[in-house]
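See structure below.
Please treat every number below as a calculation from the coordinates, not as lab data. Remember, it's a predicted structure, so these values are computed and weren't measured experimentally. Ideal geometry is used to build each Cβ from the backbone, glycine not excepted, and the neighbour counts take in all protein chains shown.
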Amino acid sequence: MHSASHAIVDAATWTAIGLLAATSLGTLFHLGSKIDALGAWLEGRIDALTARADARFARVDDRFGRVDDRLDAVNGRWMPSTNG
């Protein structure tokens with residue numbers, strides 16, 4: 001049989017364990033929400049950078065298309081087609 005002092009120590013120990021568990025779980029949930037928010041922010045930044053890169057590549061593709069057209073015109077002047 002436990003004495004009264006053992007019961008008090010047991011109660012204090014279980015109280016400390018309960019507080020530690022509650023604090024740990026609260027910290028995990030808080031960090032989880034912070035990580036989710038950071039992930040959403042990072043996703044937005046990546047989407048914005050992707051849009052900027054896509055716009056720049058579209059401009060480069062347009063320029064290459066114009067160069068191809070100019071080269072086709074030059075080739076047409078110097079190398080007439082033999083199809084007709």
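Volume per residue of the convex hull around the Cα atoms, evaluated for region 8-84, comes out as 114 Å³. In sequence order, region 34-40 has phi-based couplings of 5, 5, 4, 5, 5, x, 5 Hz under the Karplus curve 6.51 cos²θ - 1.76 cosθ + 1.60, θ = phi - 60°, and Gly or Pro positions carry x. Ordering ALA7, TRP41, MET79 by Cα displacement along the dipole of the chain toward the positive end leaves MET79 in first place; charges were set at the Cβ atoms of Lys, Arg (+1) and Asp, Glu (-1).
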